[in-house]
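Shown next, in C-alpha cells, is the structure this report addresses.
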Amino acid sequence: MDDNRPPDVESDSDDEPGRQPGLIARIIKFAGGDTADTAEEVPDIGATPVERALVQNILTMRGQRVEEVMIPRADITAVDADATLDELNEAFRDGAHSRLPVYRETLDDVIGFVHVKDVALALGFGGSTNAFSLSDHVREMLVAPPSMPTKRLLQRMQTSRIHMALVIDEYGGVDGLVTIEDLVEQIVGEIVDEHDQEEAAGWRQERPGVYICNARAELSEFEQEAGVDLLPDDLDEDVDTLGGLVFMLSNRIPERGEVITHPQGHEFEIIDADPRRIKRLRVNLFGAERAVSNAAE
C-alpha cells in the first residue's frame with residue numbers, strides 16, 4: 001500500500017475488497033459521471049429527501065464552473081508579503097479566515113497563502129516574535145482558470161491537500177479565489193462554524209443605517225432592529241428572510257455586486273451569492289444618513 005496516499009482517499013480497487021472509498025472520493029467519482037446523468041435516473045432505494053437533494057447538488061456540480069462559485073477579487077482578504085506580525089494578526093481577526101493569500105505589491109502577484117495554524121504553532125509555544133518573517137510561513141496555492149469544472153478543482157484540492165486556489169484570467173490577473181469549503185458547500189449547503197455564528201444569526205451594523213446581513217436573517221427581526229417596515233402586511237407571511245425579500249423584489253437570484261432598490265428607496269447590495277442563492281448583502285436604509293446628520297446638527 002502506498003503510505004503517501006492521502007488518508008481520506010481509500011482504494012476502489014478489486015484487490016482490496018474490504019475497503020470502501022472515502023466520502024470526498026465517492027463524491028468526486030459520482031460527480032465525474034460514473035452514475036446516472038439526472039437525479040430522476042438515480043434508483044430510488046429509500047433515500048430521504050435530504051439525501052436526494054445532495055444527489056441533485058452533486059449532479060448540478062457536473063456542469064458547474066469555477067467562476068460560478070469563486071469569491072470575487074473585490075472581496076478577497078489578503079496580506080502583503082512584508083506585513084508585520086501585528087498586521088497579520090489584524091487581518092486574520094478582521095477577516096475571520098484561517099487562510100489568507102500573500103502577495104507582493106499587488107494582488108496579481110500572489111506568492112502563496114499563510115495558515116493561521118502555522119503562525120500559532122511557530123509563535124505560540126515559546127517562539128520568538130522578534131524573528132517573525134511572514135515569508136517563512138507561506139504555503140503553495142493552486143491556480144485555476146475560470147472555466148475549470150468545479151468537480152475537477154475539488155479533486156485537485158483533495159489529492160494535493162492544498163485547499164485554496166486562485167482563479168486566474170487569460171492575462172494572468174486574479175479574478176477570484178476558491179476554497180475547498182466553497183466547493184463542498186455546493187453539495188451540502190452553507191457550512192457555518194463557531195466563528196460564523198454572529199453573522200449567521202443575523203447582521204452587524206457597518207455604520208448608521210447600513211447593515212451587513214446574512215441572507216437568512218429573519219426579516220421581521222431585522223425590521224424591528226432597524227425600525228423599518230419593508231413589506232406590506234398582506235405579504236408578511238409570504239417572505240421570512242432578507243434574502244427572500246430581495247428575491248421577491250428582483251424576481252430572480254441577483255449576481256454579486258448587483259444593487260436591488262426597494263420601492264421605499266432602500267438599497268440591497270449583493271455581497272456574496274451563487275447561481276442558486278443569495279448569501280450576504282449590504283442593506284443601505286434610505287434617509288438614514290440624513291437623519292444622523294440632522295441629529296448631529
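The values are calculated or read from the model by the stated rules, or taken from the named source; none is laboratory data. Quick caveat: nothing in here was measured; it's all calculated off a predicted structure. Here the Cβ is made from the backbone with ideal geometry for all residues, glycine too, and neighbour counts use every protein chain on show.
Mind listing whichever residues of segment 261-274 are in contact with a Ser or Thr (Cβ under 9 Å, 6 or more places away or on another chain) and surrounded by fewer than 19 Cβ atoms within 10 Å (Cβ to Cβ)?
Keep residues of segment 261-274 that are in contact with a Ser or Thr (Cβ under 9 Å, 6 or more places away or on another chain), which gives 267-268.
Matches in segment 261-274: Glu267 only.
What about Val119, is it among the β-branched types (Val, Ile, Thr), surrounded by 13 or more Cβ atoms within 10 Å (Cβ to Cβ) and closer than 26 Å to Pro275 by Cα? Walk me through it before giving the result.
Values: among the β-branched types (Val, Ile, Thr): yes; surrounded by 13 or more Cβ atoms within 10 Å (Cβ to Cβ): yes; closer than 26 Å to Pro275 by Cα: no.
It is false that Val119 is among the β-branched types (Val, Ile, Thr), surrounded by 13 or more Cβ atoms within 10 Å (Cβ to Cβ) and closer than 26 Å to Pro275 by Cα.
Looking at segment 146-187, which of the residues that are in a loop (DSSP other than H, G, I, E, B) and of a type in the set (Gly, Ala, Ser) is farthest from Phe113 (Cα to Cα)? Talk me through it step by step, then tell me what you get.
Step one: of segment 146-187, the residues in a loop (DSSP other than H, G, I, E, B) are 146-148, 161-163, 169-173.
Then drop every residue that is not of a type in the set (Gly, Ala, Ser), which leaves 147, 172-173.
Values: Ser147: 23, Gly172: 18, Gly173: 17 Å.
Among those that are in a loop (DSSP other than H, G, I, E, B) and of a type in the set (Gly, Ala, Ser), it is Ser147.
When you scan segment 103-121, how many residues do you find that are under 17 Å from Ile71 (Cβ atoms) and touching a Phe, Trp or Tyr at 6+ places or on another chain (Cβ under 6 Å)?
Within segment 103-121, residues that are under 17 Å from Ile71 (Cβ atoms) and touching a Phe, Trp or Tyr at 6+ places or on another chain (Cβ under 6 Å) number 1.
Out of segment 99-111, which residues are of a type in the set (Ser, Thr, Tyr) and under 14 Å from Leu177 (Cα atoms)? Walk me through it before giving the result.
Initially, segment 99-111 is screened for residues of a type in the set (Ser, Thr, Tyr), giving 103, 106.
Result: Tyr103, single match.
Taking segment 220-238 as the search range and keeping residues that are more than 16 Å from Pro263 (Cα to Cα) and not acidic (Asp, Glu), which one is surrounded by the most Cβ atoms within 10 Å (Cβ to Cβ)?
So the residue we want is Phe222.
Look through Gly33, Gly22 and report the one residue that is exposed (fewer than 13 other Cβ atoms within 10 Å of the Cβ) and at pLDDT below 55. Spell out how you get there, then give the answer.
Numbers: Gly22 fails: exposed (fewer than 13 other Cβ atoms within 10 Å of the Cβ).
From the options Gly33, Gly22, the qualifying one is Gly33.
So, in segment 74-108, of the ones that are surrounded by 14 or more Cβ atoms within 10 Å (Cβ to Cβ) and under 13 Å from the mean Cα position of the chain (by Cα), which residue ends up farthest from Leu166 (Cα to Cα)?
Among those that are surrounded by 14 or more Cβ atoms within 10 Å (Cβ to Cβ) and under 13 Å from the mean Cα position of the chain (by Cα), it is Gly95.
Given (1) at pLDDT below 90; (2) under 24 Å from Asp182 (Cα atoms), where does Ala288 come up short, assuming only one miss?
(2)
Which pairs have Cβ atoms under 7 Å, sit 6 or more apart or on different chains, and link a residue in segment 67-81 that is within 17 Å of Asp109 (Cα to Cα) and not assigned by TED's automatic domain parsing to the domain that holds Ser135 to one that is of a type in the set (Lys, Arg) and in a helix (DSSP H, G or I)?
Hits for this filter: zero, empty list.
Looking only at segment 128-168, filter to residues that are touching a Ser or Thr at 6+ places or on another chain (Cβ under 7 Å) and in contact (Cβ under 8 Å) with a residue 40 or more places away in the chain; which one of those is surrounded by the fewest Cβ atoms within 10 Å (Cβ to Cβ)? Don't jump to the end; show me each part of the working.
Residues of segment 128-168 that are touching a Ser or Thr at 6+ places or on another chain (Cβ under 7 Å), as a first pass: 142, 163-164.
With in contact (Cβ under 8 Å) with a residue 40 or more places away in the chain added as a condition, the list becomes 163-164.
Values: His163: 21, Met164: 23.
Step by step, filter segment 128-168, then rank; the result is His163.
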